[in-house]
């Protein structure tokens, strides 16, 4: 056997051993990552989640805080099913001076938003507590609808605010199926059951129907805004209810919101307190683990992939 052959075999053995060692290290790094994530989440859960109701210092005055984030839709943390129980507890706290809703949302389901809005109105009447909304990055569409149930609304000067309108969107594939030679077969009981089928052209009748439905939802939205912001709106209805949005500063000039400020400023100026008790919806432990694991696993696998490629190319 020649020296070259021996060197080649030795090189292959070394590379194989190196790759095996790298695989073992990667497996152990993933295991360690999961253990650490679980440990950190458990510590967070027991230290913060369990003891959270005792936020305010002993004897200190405080308000009830509910954070509402994300798209408003069934199954999300900004859904009526999840939000209403937290609102009930926030209002029922006999020692809180009032309620602040810290909202960061582009909107979503008008049904979910209206249910939450109406619940806030009910709780205000029941407990006679002042409610203030503090908007963050976005306070738009359905999120703004929820906010109109509050006594006052404050935002950051750059918060995207407004979007008092309704939208329905979709796609049409009529030309695509023709080009592909696909025949659409639909059987219905009810002449309008296939309305807005994406594989059929939109008729004038369809357009009129959808427009009528959206207009009615929009009118309901406008009515809630007019009641919630009674006597405070400025500007023409054609501008305010056009579905457009503005910065927080511009929204103040239109009377859509009452002013600008952050959570801590509003706590002090509106309630005279520096503490809050957090009643926000929290993700379950499983949700937290899965979210953390997804992020960490992606980073770990990417780092290992880069390292392995570097070793193979050297």
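Neighbour counts of C-beta atoms inside 10 Å place 281, 133 in the sequence 281, 133, starting with the fewest. The fewest-to-most ranking of 257, 71, 225, 213 by surrounding Cβ atoms within 10 Å reads 213, 71, 225, 257.
The alpha carbons of the range 90-155 stretch over 32, 23, 15 Å along the principal axes, in descending order.
Counting neighbouring Cβ atoms within 10 Å and putting the fewest first, the residues 76, 253 line up as 253, 76.
The modelled label-to-label distance for the pair residue 178/residue 202, using points 7 Å beyond Cα in the direction of Cβ, is 1.7 nm. Prolate is the label for the range 56-274. Its Cα gyration tensor axes, ordered a ≥ b ≥ c, give a/c of at least 1.5 and a/b above b/c.
Put a dot 7 Å past the Cα of residue 239, heading toward its Cβ, do the same for residue 274, and the two dots end up 4.1 nm apart.
Values quoted throughout were computed directly from the atomic coordinates according to the rules given, and no laboratory measurement underlies them. None of the values given here were measured: they were computed from a predicted structure. Here Cβ is always computed from backbone atoms with ideal geometry, including for glycine, and neighbour counts include all displayed protein chains.
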